[in-house]
Amino acid sequence: MKRMMVFFLLAALLLPASGMAETKYMTMREVHNEVTSQYPDGWHETIQTKWRAVEINTPVVVPDSSQCPVLALQVIEDPPDLAALPGEGWQDETAAAGWVRASKPGTEKAPNTKNSEIDSHHFYAPMDLDMVWDGYGGKTLGELLLEGRDLLEAACGGKYSWDMEHPSDIMFNTRTRGSETWTTGLSVSAYQAFHGIPYIHSISDYLTYDINKQNVSYVDVLYQISPFGSVSFVYHPVQSEVIEEDIPLCSFEVIKDALRREIDAGHIRNILEIRFGYTSANRSKDASDPVSITRPVWHVEAWWCNKGVSEMMQDDPDYPTNSRGKREFVRMIFDTQTGELISMVSDFLPTQKRIKDIGYFQGYLTWKDVKK
């Protein structure tokens, strides 16, 4: 067995070998087929707790992949190929080491913004890819995202990819002056994908306390396009190397049961999204080692309260917020091999009990382990 991960909770570490053998493990393809067949439109259920009924209407995003490899990741310097991009005037604005940034000026003159008010319109999963926004020639959001994907992959020569079909954040900016409103730009944040599996955040982004600096942290791409022809993108080139071709995964039903326990305990009040992806931790404690090792997790965005009797905070009418902006919003991750809750983070959560060496790679279960 590979060194057992510190990501596993103590209960998982203490499982007897016989209990481990009784667990039904699945391949990535089997998990994908399980979710898409049983939850094609997401998880929809009303759960009655002792305090209230909790309505679950949640998209479940799972990669269309056959295997779930363990990867060694490293941020590298790799300039974009601007000559491969359409249009003229592209400029390489890369400055910080490891970051790639490029932009192209607009081909049309934008309206004067004097005396106008800016407004931002955010969209999160589930997103309507058939949405049509003024200013983009009738193109749907899905079409704009595919154009962005093609442009980014041309810039990197096809060496990297991003999950543009499931962006983490879409924002349209508009300006209003009197009765006139116009669109000024579209911003897209999307996860970089490896072997079809999105890298969501490093393990440090799920903790309420600081740990060692993570080698591979925020690797989303930021892609922006205006109705007037300007385009820009920023990303981290991250190379990957397979160190284990495939590892066993638990059924999605195990994750669902873990979430139900949080609901029954009065903690979870709403689940906004469930997404399968990678987190990572540094390969070693050697500060000169730039490599991180991936760990597949179920990333969950939810509203969470400490006590079942507590009611959700009311939105301030003077400062309306979106579903991710509520005080009770949390990000949670569950281990895809044990189904255990690893950690969660929010601005209002109390400081967590520190987990020894969670910022460093500790191992994983292999198919050989579970077939003993």
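Quick look at the numbers
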quantity: Taking all pairs of distinct alpha-carbon atoms in the range 213-289, Kirkwood radius in angstrom; calculated: 17.4
quantity: Average silhouette area of the range 162-239, convex hull of alpha-carbon atoms, in square nanometres; calculated: 7.7
quantity: Volume per residue that the Cα convex hull of the chain spans, once the total is divided by residue count, Å³; calculated: 163
quantity: Convex hull projection area averaged over all views, the range 162-301, Cα basis, nm²; calculated: 12.9
quantity: Computed helical MRE - 222 nm, the chain, DSSP H runs ≥ 4 contributing -39500 (n - 2.57), nearest 500; calculated: -4000 deg cm²/dmol
quantity: Relative contact order [Cα under 8 Å, 6+ residues apart], the chain, whole percent; calculated: 24
quantity: Filter on Lys213/Lys326; Lys24/Lys256; Lys213/Lys356 - keep pairs with C-alpha separation over 18 Å; calculated: Lys213/Lys326
quantity: Peptides 263-273, 153-163, 79-89, 190-200 ordered by average Cβ neighbours within 10 Å, highest first; calculated: 190-200, 263-273, 153-163, 79-89
quantity: Gyration tensor (Cα) of the range 264-327, equivalent ellipsoid semi-axes in angstrom; calculated: 34, 15, 12
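No lab work stands behind these numbers, since they all come straight from the coordinates. These numbers were taken from a predicted model, which means no experiment stands behind them. Glycine gets a Cβ as well: all are built from the backbone with ideal geometry, and neighbour counts include every protein chain shown.
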